[in-house]
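Step one of this worksheet: look at the structure below.
Coordinate-derived values only; no laboratory data. It should be emphasised that the depicted structure is a prediction, and the values quoted were computed from it without experimental measurement. Virtual Cβ from ideal backbone geometry, glycine too; neighbours counted across all protein chains shown.
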Amino acid sequence: MFNNIRQEIQIQKTALSLDILASKRMLITQQAAVATGLDDIRKDVDETKATLSNALLEFHAQAQEN
């Protein structure tokens, strides 16, 4: 009887460990997706900043010509 209880406890511990590992994997996957998304946003912001800087320089150059 005690062996059955011990075995059931071990099975439950193993199942919980597997659930924790699956949750960790899912979290790592989500973190990677967020990091990739942030990198894409950062690149877009950098490109927009460069475009605006160039437009501002052109505006100043045209203003000085007039």
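Under a point spin-label approximation (7 Å from Cα along Cα-to-Cβ), what is the L38-E58 distance to one decimal in nm?
3.4
Report the one residue of Q64, T36, F2 whose Cα lies farthest in the direction of the positive end of the charge dipole of the chain (charges on C-beta: Lys and Arg +1, Asp and Glu -1; origin at the Cα centre).
The Cα lying farthest towards the positive end belongs to F2.
I need the fraction of alpha carbon pairs in the stretch 1-49 separated by more than 14 Å, rounded to a whole percent.
70
What angle, in degrees between 0 and 90 and rounded to the nearest 10, separates the Cα long axis of helix 2-65 from the longest principal axis of the Cα atoms of the chain?
0
What whole-number value in cubic angstrom gives the convex hull volume per residue for the C-alpha atoms of the stretch 25-66?
Enclosed volume per residue, from the Cα hull, is 26 Å³.
Quick check for me: using +1 on Lys/Arg Cβ and -1 on Asp/Glu Cβ, what's the dipole size of the chain about its Cα centre, in debye to the nearest 20?
Here the chain has a charge dipole of around 700 debye.
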